[in-house]
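All remarks here apply to the structure that follows.
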């Protein structure tokens with residue numbers, strides 16, 4: 001390698017580092033906004049972690065917002081973040097010693113957010129959003145590695161990384177909303193990547209971490225189990241992975257269950273946490289999907305019939321059909337191909353979002369990084385993905401701001417939800433085109 005090539009390599013690496021740094025700073029700057037809703041619930045979960053007997057934590061009745069509905073790993077994380085917030089005086093000590101941390105930031109960090117009833121500082125909200133922000137950086141690197149592996153083109157991989165890193169969808173969810181979707185997705189993506197690379201002993205723990213932070217990737221478990229079976233790895237590889245999973249489960253759950261592990265699993269994990277959406281099951285809670293083409297969003301029960309079939313049953317049938325289609329195509333290859341697996345993750349997770357009932361607006365996120373990989377690897381699908389991306393962002397914007405900004409709610413909800421219906425139709429049509437266009441062309445040629 002000559003001097004020019006070496007310089008080009010380091011310049012490219014520097015571009016990646018600077019992009020990640022800029023993406024991080026942008027998200028941290030935006031953490032001052034959106035400090036209401038779910039992130040306010042997280043503030044209480046983190047603070048009360050230190051006030052309640054942990055074995056009563058999931059069963060306590062004195063919650064201001066909501067009892068805990070996330071698994072133990074999330075609870076441990078929120079407790080640790082509150083512990084850090086309570087030691088914010090260390091920032092002032094560092095400033096006094098070496099003058100590195102600006103005093104203006106220290107003042108801002110401890111300043112009470114005006115809309116928060118508990119008067120927690122902006123710094124606490126920043127810390128609560130930090131895991132998702134860091135996960136966004138991790139996903140950006142993972143996307144880069146996936147695209148580089150598939151195409152061998154680092155410039156294209158870099159563009160895919162930027163597409164995610166500066167995407168309004170990922171920025172809104174982590175930097176503003178403070179949701180954990182990117183943290184869940186980071187571990188979930190790694191699980192599939194390690195599965196494809198034959199490292200099942202690593203894949204199993206990463207999949208468990210994804211599910212035990214928040215079980216939104218349960219929709220992909222049939223695919224994951226199918227690929228695991230297809231990989232046919234040795235028993236020792238599987239046994240090591242299962243042992244690591246068991247240890248993670250034990251050490252994260254025992255503080256809350258004590259010796260009543262099975263009772264905790266029954267009453268808390270299966271009773272309160274595993275259901276992904278609370279309350280009466282609706283056709284769509286707040287997702288622009290197949291059902292919001294025909295029905296008013298968040299107003300129609302999942303038990304209502306559509307073409308003579310209960311909507312929830314119809315959704316399951318369509319979801320099973322998508323899974324069978326994916327499994328059939330994957331089974332035709334002897335080895336698990338990385339691009340085909342990423343494409344399968346998109347097909348199934350986005351299909352679940354569109355056709356399963358009781359979906360929230362952000363449950364598409366398991367398909368989001370794979371969608372960006374598809375757009376970058378297959379440029380012909382870029383415009384389709386871009387439009388889909390914009391509609392998903394519109395869905396998030398409406399869901400997040402509809403209660404606080406009347407103008408946004410009226411824009412989507414007025415005239416019998418006409419804008420939501422149109423956008424929902426476009427999402428379904430574009431999903432079909434992205435997912436099945438090639439197969440449909442082959443079918444037409446055969447006819």
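Every number here is computed from the coordinates shown, using simple stated rules; none is lab data. These numbers were taken from a predicted model, which means no experiment stands behind them. Cβ coordinates were reconstructed from backbone atoms using ideal geometry, including for glycine residues, and neighbour counts include every protein chain displayed.
If packing is taken as the average count of other Cβ atoms within 10 Å, what order do 223-230, 172-179, 387-394 fall into, highest mean first?
Numbers: 223-230: 16.8, 172-179: 24.0, 387-394: 18.9.
Most protected by this proxy first, the peptides run 172-179, 387-394, 223-230.
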* Please report the relative contact order for the chain, taking Cα pairs under 8 Å with a sequence separation of at least 6, and give it as a percent rounded to a whole number. => 15 percent
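Indicate the gyration tensor shape class of region 79-214 (rounded, prolate or oblate), computed on the Cα atoms with a ≥ b ≥ c the square roots of the eigenvalues: a/c under 1.5 is rounded; otherwise a/b larger than b/c is prolate and the rest oblate. Please report the intermediate quantities before stating the final value.
On the way: a/c = 2.29, a/b = 1.90, b/c = 1.21.
In terms of gyration-tensor shape, prolate.
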* **Cβ crowding within 10 Å averaged over residues, with 366-378, 319-331, 159-171 ranked highest first** => 366-378, 159-171, 319-331
* Structure fact -> By the Cα gyration tensor axes a ≥ b ≥ c (a/c under 1.5 gives rounded; else a/b larger than b/c gives prolate, otherwise oblate), the shape of region 277-447 is prolate
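What ranking of 356, 314, 76, 22 emerges when the number of other C-beta atoms within 10 Å of each C-beta is taken as an exposure proxy, fewest first? Please report the intermediate quantities before stating the final value.
Details: 356 24, 314 21, 76 18, 22 13.
Ascending number of Cβ neighbours within 10 Å: 22, 76, 314, 356.
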* Asked: Ranked highest first by average number of other Cβ atoms within 10 Å, how do 56-63, 295-302 line up?
  -> 295-302, 56-63
* Please compute P(r) over all alpha-carbon pairs of the chain, binned at 10 Å starting from zero, and give each bin as a whole-number percent. => 4, 18, 29, 28, 15, 4, 1, 0
* **CD proxy at 222 nm, helix term only [per DSSP H run n ≥ 4: -39500 (n - 2.57); per residue of the chain; nearest 500]** => -22000 deg cm²/dmol
* Rounded if a/c is under 1.5, else prolate if a/b is larger than b/c, else oblate: which is region 24-124, with a ≥ b ≥ c the root eigenvalues of its Cα gyration tensor? -> prolate
